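Below: the structure, in structure tokens.
The values are calculated or read from the model by the stated rules, or taken from the named source; none is laboratory data. Model, not experiment: these values are computed from the prediction. Every residue, glycine among them, receives a Cβ derived from its backbone with ideal geometry; neighbour counts consider all protein chains shown. Please note that ligands, DNA and RNA were not included when accessible areas were found on the heavy atoms of the full protein model with its side chains. Shrake-Rupley method; radii C 1.70, N 1.55, O 1.52, S 1.80 Å.
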Amino acid sequence: MVRKNSVSITINHRRRLLAPAVGLGITALLLTGCAQPEFLLSRDSAADADQPVPASVDGTITLSPTHGSIQGGNLVLVATGEGADVPVTAQFGETAVDCHFDELSARHACVAPRGETTGLVNVALTVDGTPLDPTGTYTYTTPGMQDSPMMTVNTDTVRKKATEIRGSYPRDLMLAAVLKNGAPVDVFGQVIHGEAKPEYFFVPTLADAIKLRESGIESRIAVLYVSQLEHIPLMLHYDIEGAAADASWVAEANEVAASTGGILKVHQWIDTGLGREGATPDQALPLATAIETAPHLELVGIATHFSHITDQDEAAIEDGDLNNITAAQKKRFDDSVAEIRDAGLGTDALIHAGASDVLIHEIDSLYYDLLRIGGAFFGANSPEEAVYSWNTQLETVKTLPAGWCIDYDCTTPTAEEKTVGTINHIPRRETELVFTVRGVQVPVLLNHGTVVTLDLSGVPEVAVGEEVRIDTSPEGFYMLDAASPLPVTTVSG
Ligand SMILES: *Cc1c(COP(=O)(O)O)cnc(C)c1O
């Protein structure tokens, strides 16, 4: 990995003389692999903080912060009870890093190593070659905004669901797992793979597909919705299948694939009435023709996605009732597939259309060659069954007088005295969130993401620090979407 940012350290004047400690500090920084934090250790006045903070008051080491991304590279401050002249190493799980004394916090500064997987690791300190008795813990999370409340995934729940789905899954039908309901995708992939052995994985992004492949999964993996031209060499490298957009994409994709000498496997999506991915039925045959005549593309799938599965669909399909949305979509799909196959194309392509709701309603006329199952692995009907648990705590609690404005423009002032609490850094999701304190669902008065004000009038004697449970709304089937923090870059000039 390439070092991009220079790490700038200004050492307090008096400490500059302590060469060993400074040297160690820089070594610790140089030793870390990837993300380079740019931090400045300096202070105008060299006040009184030379006194190190005791390692432990209650038998455990406290770290600041207590969690971070598995990518590592961030600074973790650790109270060791030692000063600048004592060499300290911190072992995060299996990986040890050198730390240096930081006067500004009177703690040792360690750069978190890359984590092997998400979850808790023990942190053990070695001071001047001697292991310290108290140990601490540090939690590795997926990369993402560390200020947001940490979400915990119960892999046992996912495992149980995977077993159930495989157990009741129709024989002779291929199973595709769709992983788009949160991270870590590679962990979900491994658990579901271990239990249900899906023949296929479908994911929304190439990054997710690569994570699955790198985690050792050898099943077929396809990216849904879109395959950008710049991704094609990577797709070939990782043996990942794509989605063909239209004839002009096919021409360009064929050129890129030709430049690699490889053959890109693609699925052709048909928009039969969702208004989203895929070509309209009138374009289905021209697109199949383009794919099948492109020497570096191979048509491996013909697919559609339904917009409105109900338990009346089976009967409507049998009766040929095209006023039923699913029956109409199925007819458009079947006609398109027939047109393609009648032209002698796509004969080996897998035909697939249904998702979880088709399996749940057992609409077997929509099974085709495989079902793409997402929600059934991740959804839950009650908070107890939920795969995810997401908690934060009340940071402030206060009582507002009657007639107090809430939110900009004072749209809904309080009618009477009201106890409210604030929580912070709750990223917006596609699905509505519900907040619960002591089992009571509390209304949201104001939601600015970074600050959310909750109406706590239903929770008497509520106090700062109490737990707030966050769930997707029950109508949303206790399930997450794939919303995640955006990658950001900068330019200047
Ligand atoms: C989300 C999605 C699925 C999986 O749907 P679930 O209802 O979550 O099982 C299948 N196919 C496509 C194209 C999707 O977008």
Under the classification rounded if a/c is under 1.5, otherwise prolate if a/b is larger than b/c and oblate if not, where does the range 126-263 fall, given a ≥ b ≥ c as square roots of the Cα gyration tensor eigenvalues? oblate
Interchain or sequence-distant (5+) residues whose placed amide H lies within less than 5 Å of the amide H of residue 111 are 76
Can you pull the one-decimal nm distance between simple spin-label points at residue 293 and residue 64, each 7 Å off the Cα toward Cβ? 6.9
Provide the packing ranking of 99-105, 209-215, i.e. peptides ordered by the mean count of other C-beta atoms within 10 Å per residue, highest first. 99-105, 209-215
So how far apart, in nm, are the two label points at residue 239 and residue 51 if each is 7 Å from Cα heading toward Cβ? 6.3
Determine ³J(HN,Hα), in whole Hz, for all residues of the range 403-415 in sequence, where each value follows from phi through the Karplus function 6.51 cos²θ - 1.76 cosθ + 1.60 and θ = phi - 60°; x replaces Gly and Pro. x, 7, 5, 10, 6, 3, 6, 6, 5, 9, x, 5, 7
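For the ranges 152-164, 440-452, what's the packing order if you count other beta-carbon atoms within 10 Å of each residue, average per peptide, and put the highest first?
Details: 152-164: 17.0, 440-452: 14.9.
So the peptides 152-164, 440-452, ranked by packing, come out 152-164, 440-452.
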Within straight-line cross-link reach of residue 160, lysines at Cα separation under 20 Å, skipping those fewer than 8 residues along the same chain: 180, 197
Using the alpha-carbon atoms, what tilt in degrees (0 to 90, nearest 10) does helix 325-342 show relative to the longest principal axis of the chain? 70
In order through the range 420-431: 3J(HN,Hα) via Karplus (6.51 cos²θ - 1.76 cosθ + 1.60), integer Hz, x for Gly, Pro: 10, x, 10, 10, 9, 6, 9, x, 6, 10, 5, 9
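So if R0 is 51 Å, what FRET efficiency would residue 404 and residue 172 give, r being the distance between their Cβ atoms, rounded to the nearest 0.05? Mind showing how you got there, number by number?
Working: r = 64 Å, r/R0 = 1.26.
Rounded to the nearest 0.05, the efficiency is 0.20.
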Residues with amide H under 5 Å from that of residue 242, placed H, sequence gap 5 or more: 223, 265, 266, 267
If you restrict to DSSP beta bridges whose two residues both lie in the chain, what percentage is antiparallel, to the nearest 5? 65
Largest-first ordering by accessible area, 1.4 Å probe, given options 314, 416: 416, 314
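What does the charge count around residue 346 come to, taking other residues whose C-beta lies under 13 Å from its C-beta (Lys +1, Arg +1, Asp -1, Glu -1)? Could you put the intermediate results ahead of the total?
On the way: positive: 265, 341; negative: 292, 298, 339, 342, 348, 369.
Neighbour charge sum, excluding residue 346 itself: -4.
Residue 95 to residue 389: FRET efficiency via 1/(1 + (r/R0)^6), r the Cβ-Cβ distance, R0 25 Å, to the nearest 0.05?
On the way: r = 28 Å, r/R0 = 1.10.
Once the sixth-power term is evaluated, E becomes 0.35.
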Tensor-based shape of the range 440-491 (alpha-carbon gyration tensor, a/c under 1.5 rounded, otherwise prolate or oblate): oblate
Residues with amide H under 5 Å of residue 373's amide H, sequence separation 5 or more or different chain, H placed in the peptide plane at 1.01 Å from N; which? 176, 177, 178
Kirkwood Rh and Cα-based Rg: tell me the resulting Rg over Rh for the chain, rounded to two decimals. 1.05
Where in the range 438-452 does the amide nitrogen come within less than 19 Å of the point 7 Å from the Cα of residue 147, taken along Cα to Cβ? 446-452
The equivalent-ellipsoid semi-axes of the range 321-445, taken as the square roots of five times the Cα gyration tensor eigenvalues and listed largest first in whole Å, are 51, 18, 13
How far, in degrees from 0 to 90, does helix 155-168 lean away from the longest principal axis of the Cα atoms of the chain, to the nearest 10? 10
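Provide the gained length on full extension for the span residue 467 to residue 492, in nm with one decimal, where the gain is 0.36 nm per separating residue minus the Cα-Cα distance.
On the way: separation 25, 0.36 × 25 = 9.00 nm, distance 4.29 nm.
Difference between extended and current length: 4.7 nm.
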Could you tell me the center-to-center distance, by alpha carbons, between the range 372-412 and the range 289-357 in angstrom? 39
